[in-house]
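Report on one structure; see the data block that follows.
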């Protein structure tokens, strides 16, 4: 059995979930932290490794992680989180069981072409809720 990973298009989920979108309007960092907290809990409950990817503003791609914690990537300025997601799926889909959560329909097609599966934002909400109840 191949290790399972969930890659989350962070801003796509934030702008799709009303409660996170409202937080983002007030303060973007609050919305990111709220999503990261839910993803960290999901990883802890299920053992599925989680990678959250956000559009960034820095001069290079930034990766944040602690041992056993979820990985967080920020794209570099002028690039999108989609580019990181595409690179990860094309490189690792054959070695790992990858799922990508995004609302972006073009990204969904690319993810499938790279051999990963797609999860809608609503489906992500449901699998987090189901994991919480176990």
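The values are calculated or read from the model by the stated rules, or taken from the named source; none is laboratory data. In this text the structure is predicted, and so the values were computed from the model without any measurement. Neighbour counts are summed over all protein chains in view; Cβ atoms, including those assigned to glycine, are modelled from backbone coordinates with ideal geometry.
Brief remarks follow.
- Residue match in the stretch 40-49 (condition: under 11 Å from the mean Cα position of the chain (by Cα) and either crowded, with 18+ Cβ neighbours inside 10 Å or under 17 Å from residue 119 (Cα atoms) (or both)): yes
- At least 2 residues being at pLDDT 95 or above is the threshold, and among the strands (runs of 3 or more DSSP E) wholly inside the stretch 54-134 those reaching it are 97-101, 117-119.
- Any chance residue 52 is within 27 Å of residue 134 (Cβ to Cβ) and buried (at least 18 other Cβ atoms within 10 Å of the Cβ): yes
- The lone criterion from (1) in contact (Cβ under 8 Å) with a residue 60 or more places away in the chain; (2) in a helix (DSSP H, G or I); (3) over 20 Å from residue 127 (Cα atoms) left unmet by residue 29 is number (1).
- Selection status of residue 61, free of Cβ contacts under 8 Å to residues at least 40 places away in the same chain and either in contact with a helix residue (DSSP H, G or I) (Cβ under 7 Å, 6 or more places away or on another chain) or crowded, with 17+ Cβ neighbours inside 10 Å (or both): yes
- Of the residues making up the stretch 83-124, those that are touching a strand residue (DSSP E or B) at 6+ places or on another chain (Cβ under 7 Å) and touching a residue at least 12 places away in the same chain (Cβ under 8 Å) number 21.
- Filtered residue count, the stretch 1-15, keeping only those that are surrounded by fewer than 19 Cβ atoms within 10 Å (Cβ to Cβ) and either within 16 Å of residue 81 (Cα to Cα) or at pLDDT 95 or above (or both): 2
- Complete set of residues in the stretch 40-53 that are in contact (Cβ under 8 Å) with a residue 60 or more places away in the chain and either in contact with a strand residue (DSSP E or B) (Cβ under 9 Å, 6 or more places away or on another chain) or in a loop (DSSP other than H, G, I, E, B) (or both): 42, 46
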